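See structure below.
The values are calculated or read from the model by the stated rules, or taken from the named source; none is laboratory data. Please read all numbers here as calculations on a predicted model, not as lab measurements. Don't worry about glycine lacking a Cβ; one is built from the backbone with ideal geometry, like all the others, and counts go over all protein chains shown. Please note that ligands, DNA and RNA were not included when accessible areas were found on the heavy atoms of the full protein model with its side chains. Shrake-Rupley method; radii C 1.70, N 1.55, O 1.52, S 1.80 Å.
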Amino acid sequence: MFKNILVFIFFSFLQLACNVTAFATNLLKGKVKDKTGATLPGAVIEVPDLKTGTVADSAGNYELDDLPKGKFIVVVSLISYAKTTISVTINAGENVQDFVLNESAIESKEVVITGQSKATEINRSPVPIVAISSEYLHDNISGNVIDEIAKVPGVSAVTTGPNISKPFIRGLGYNRVLTLYDGMRQEGQQWGDEHGIEVDEYGIDRIEVVKGPASLIYGSDALAGVVNLIPTPPPPDGKIAGNFSGEYQSNNNLVGGTAMMAGNENGFYWLGRVSHKQAMDYQDPVDGKVYATNFDETDANASFGLNKKWGFSHVTVSMFNDLQAIPDGSRDSATRQFTKQITEVDTFRPIVSNQELNTYKMPVLHQHVQLYRVMWDNNFNVGNGLLAVDFGFERSIRQEFSHPENPDIPGLDLQLNTYTYDFKYLFHATGGWDFTVGVNGMYQDNNVTSGTDFVIPSYNQFDAGPFAVFKKNFGKMDISGGIRYDTRTFHNDGLYVDTFQQIPQVVSGNFAGADHQFSTYDHTFTGFTYSLGMTYIFSKYFALKGNIARGFRAPNIAEISSNGVHPGTNVYQVGNPDFNPEFSLQEDLGAEFTSKHISATLSVFNNSISNYIFNQKVLNSKGQDSVIVPGNETFKFEQSDARLYGGEASMDIHPHPLDWLHFENSISLVYALNEAKNGVKITDSNRYLPFIPPVHGISELRGNFKHPAKFLINSYAKVQLAIYAAQNRVYLTDNTETPTPGYVLINAGLGSDITNHKGKAIFNIGVFGNNLANVAYQDNMSRLKYFEEYPTDPRGHYGIYNMGRNFGLKLSVPLDVK
């Protein structure tokens, strides 16, 4: 039924698109100046909703041609100047709009697109949103793109080494946080612990994070929020440009680099990028070199498109290819040196040699993660609005090679195909009202039968969610909200496995001795969601905002049907087919203050979740770890009610006229309570939810120097303290989780553009240091903390520690052809 509805809606939109009429050329032109009246050549003028832009010429003049009629936000930016954002109405013919930029080192209000029907100034969005700029990404080092944002207030990551991180927002992650790539769902077995987000970090220009339910726009899996990874945009019209950059990190000898070229002429643009990075095993003060944490990643992407007065049409293709070692924490009981599995029966494990700990070569036991993507984004000027029609296809292949005597046979072999669709009609603003209606969703099929290990069965599912959103401007006050209804039809296959073989094999049906590992299962999950919020701009200094939203999440395949060893986790996982969908009700209240001397934000939230699903260790009748498969602890998903509350605060002190100096401070806290149901009694051991980040904060002193010396521009230097309190609010039941001590890390960095004698930047260089004091610590969100076979170690160390001291070097060379 839902597929028929989708077909009907598609052809209805297609008929609308056929009615697109020819419009006269609509031109937006003007001049960009500073407050003294001096022109500003090189200023970038962008229209985010239309994905187009241009650059002011040597006289400060600009022109944007072939624009559709309507009201759009225009963003003007230039290095060392505060961004200017103006809502401009484009009428038929010539439209004139001048812009004035103010020289300032103060961070300006960003324009965001994630979780919105149209581009919106961040201070006018009632939903808590964080915008992470390309400068922030460039001025820090990490192992992957999610770690780069894990210090942002309200954001953290669950990790399994330096290249495996999954985003958490206010204490919630996995399938509760939806990761997007340029607005399209990123689908790649999110339920799994032991692999990261399949995206080229060098190709990400900026990131937007929605901290709160975003099911209204995106459907299931956005219950906790959204991380939108926005790739490098095409250059402004009339330019051909490129970039070559590389980096090195000392701790694990990480070497990475990327090359990009792009062009834009008369509305036609193209872009291409290739990237590669590889690293050896990382080291820490307690464990030394941590075996099987090395990786080797190669990525590529290309895009092209057309922007005209009728709208735009863009195509993107990308490839992600990662070879990742699989740590298991096994050690020699006497020396505590790491050991490795060499036989299927696994009766003896030799100690790993120094040569194996200092190589880029992959161990025999490793995983191979691939993701191939095609996106087609369209925006048509139709009637009294814009028709957005987007399609996407992703193929995710995840293989874990877990047979030491048969290295070419994958144990886990998951092959996921995802087809996404998104239809929206955005009405032009009338009388201060903005309306958007649409439907989006996806179809998935996941095949697991090519492997020999089966933690989940093969399955397919179809999502459909019609929605309507609105925004109304009353001058200083904005009100926005909407409603949505989601449906997910879900089916998983039954599976029989012949376990008498040395390497298990799938069999077609039941026979004597065959293991009936999975049963056929069919279910339909539905959910109604809504959102309503308000922002009030009291003055240019102060704004107040509030929002209430209901989120929805259908249980994932692992929570419903898992029944087997989860490779790479040392866990035998058990699901529950009787689970109900999760629903959240979150209230947010926020305030923002900006002046010449101080910028400050405060955001508090309360999130009540019904049918909350979590993972709990299973004990036997003697109170010991329940073991179904030797060497693996048994965990089972449970369902309860939960409440999470807390907030974030930040303050940037930039005393005028010392605008170059910034003293930035932030703090984040989340309290997560288990509000049990079904007669379960709350005790001290099960009072809190597992895997919740502790109270933590960042304090950074930074200086930005526009022109500190000859041949140097846009320089900076910073020193940072990352402070993490002890996490004693943990889920102690059945030894599922243990407390984590607090720690303090010292980080630093400096960098600059290097110019030629004409003052033009010829390259950028940055030098960084993380954990300069070489602190031995374990993050509460690190899964490696629990990779331990000998908890009675007399030295008192349990599990694997996080990375020690790490120095990094980044070099970037711009290429301006035209």
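Structure above, values below:
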{"read-out": "Nearest-0.05 FRET efficiency for Ala302 and Leu809, computed from C-beta distance (R0 22 Å)", "value": "0.20"}
{"read-out": "Area of Trp433 that stays accessible when all protein chains are in place (1.4 Å probe, Å², to 10)", "value": "100"}
{"read-out": "Accessible area of Phe244 in the full protein assembly, 1.4 Å probe (Å², nearest 10)", "value": "100"}
{"read-out": "Segments 598-611, 84-97 sorted - mean Cβ within 10 Å per residue, highest first", "value": "598-611, 84-97"}
{"read-out": "Separation between Cα centres of region 274-319 and region 156-173, rounded to whole Å", "value": "17"}
{"read-out": "Ranked by how many other beta carbons lie within 10 Å on average, peptides 532-543, 215-226 from highest", "value": "215-226, 532-543"}
{"read-out": "Radius of gyration, Dmax [region 282-405; alpha carbons; angstrom]", "value": "23.3, 76"}
{"read-out": "Spatially proximal aspartates and glutamates relative to Lys83 (Cα-Cα < 15 Å; intrachain offsets below 8 disregarded)", "value": "Asp34, Glu46, Asp98, Glu103, Glu107, Glu110, Glu121, Glu135"}
{"read-out": "Heavy atoms of Leu809: accessible area, 1.4 Å probe, square angstrom to 10", "value": "80"}
{"read-out": "Residues with amide H under 5 Å from that of Lys596, placed H, sequence gap 5 or more", "value": "none"}
{"read-out": "Accessible area of region 366-490 belonging to carbon and sulfur atoms, whole % at 1.4 Å probe", "value": "62"}
{"read-out": "Surface share of carbon and sulfur [accessible, 1.4 angstrom probe, percent] for region 38-165", "value": "48"}
{"read-out": "Cβ-placed point charges (K, R +1; D, E -1), dipole of the chain about Cα centre in debye, nearest 20", "value": "2360"}
{"read-out": "Tilt relative to the chain, helix 2-18 - C-alpha long axis, 0 to 90 degrees, to 10", "value": "20"}
{"read-out": "Long pairs among Lys29/Lys239; Lys166/Lys277; Lys211/Lys718; Lys277/Lys636; Lys361/Lys636; Lys239/Lys545, criterion Cα-Cα beyond 29 Å", "value": "Lys277/Lys636; Lys361/Lys636; Lys239/Lys545"}
{"read-out": "Region 668-818 - percent of accessible surface contributed by carbon and sulfur, probe 1.4 Å", "value": "62"}
{"read-out": "Backbone HN-Hα couplings from phi across region 293-304 [Karplus 6.51/-1.76/1.60, Hz, Gly and Pro as x]", "value": "10, 7, 7, 8, 10, 10, 9, 7, 8, 8, 8, 7"}
{"read-out": "Rounded accessible area per residue of the chain, 1.4 Å, Å²", "value": "40"}
